[in-house]
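Nothing in this text is a laboratory measurement; each read-out follows from the coordinates by a stated rule. This one's a predicted model, so the numbers in the text were calculated from it and none came from an experiment. Cβ atoms come from the backbone with ideal geometry, glycine included; neighbour counts cover every protein chain shown.
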Amino acid sequence: MNKKHFSFHFSLSTPLAHWRGVEGEAFSLFTFLFSLFILVGCATSGLTKEERLAQTRQHVAECLAARTFKIDIRDMQTLRYGNRFLTSVWNVEVRNDSLISYLPYLGNAYSVNPYGGSNSKGLNFSERIQSYKQERNNRKERTTLTLNVENDEDRYTYLIEIYDNGSSTVSVRSYNRDFISFTGELE
């Protein structure tokens with residue numbers, strides 16, 4: 001049997017691919033492009049860690065002053081079922097005098113009508129804020145908001161802590177449900 005053997009060689013041979021360094025080591029095109037990508041990325045950001053933090057602090061202050069912000073939630077801490085990392089998009093939003101709550105709930109509901117079922121709103125509603133209290137703690141670099149909201153199912157107190165770096169916690173107390181809290185980032 002006569003088999004023909006065919007081989008194909010491909011090379012990314014360019015003048016840059018064989019650029020020689022101090023010790024005579026050859027750099028591949030991949031190494032060169034990767035290094036160029038890193039340098040361009042660092043040069044275009046142009047901000048130091050302190051400058052980025054200053055920008056974030058300014059953004060947080062502007063959002064709080066305008067009473068308009070959104071917190072993207074990444075995990076929840078339940079009273080009875082422990083911590084849960086969330087894989088779907090959940091959030092809490094404050095728009096002037098309204099609270100838009102789109103949060104999961106895992107816990108006991110005591111006297112909610114209708115009890116459970118598909119008609120229960122849980123922590124998914126948009127309602128007018130009845131009371132809004134804002135306190136600043138400079139030592140801990142955070143602002144704490146206490147919001148009271150009521151809908152046809154329950155009365156809620158949202159305790160929202162927003163740190164200067166944008167990280168946030170949202171704790172929800174209700175008359176008819178177990179306590180639950182969430183962590184996330186200010187958008």
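Work out the FRET efficiency for N138 and Y110 from their Cβ-Cβ distance, taking R0 = 41 Å, and round it to the nearest 0.05.
Step by step, r from the Cβ atoms, then E = 0.60.
Calculate one ³J(HN,Hα) per residue across segment 86-98 by plugging θ = phi - 60° into the Karplus curve 6.51 cos²θ - 1.76 cosθ + 1.60, and present them in order as whole Hz with x for glycine and proline.
Result, rounded to whole Hz: 9, 9, 9, 8, 10, 7, 10, 10, 10, 10, 6, 9, 10.
Given R₀ = 22 Å, FRET efficiency for N124-H59 by Cβ-Cβ distance, to 0.05?
The calculated FRET efficiency here is 0.25.
May I ask you to order 156-163, 126-133 by the average number of other C-beta atoms within 10 Å around their residues, highest value first?
Order by mean packing, descending: 156-163, 126-133.
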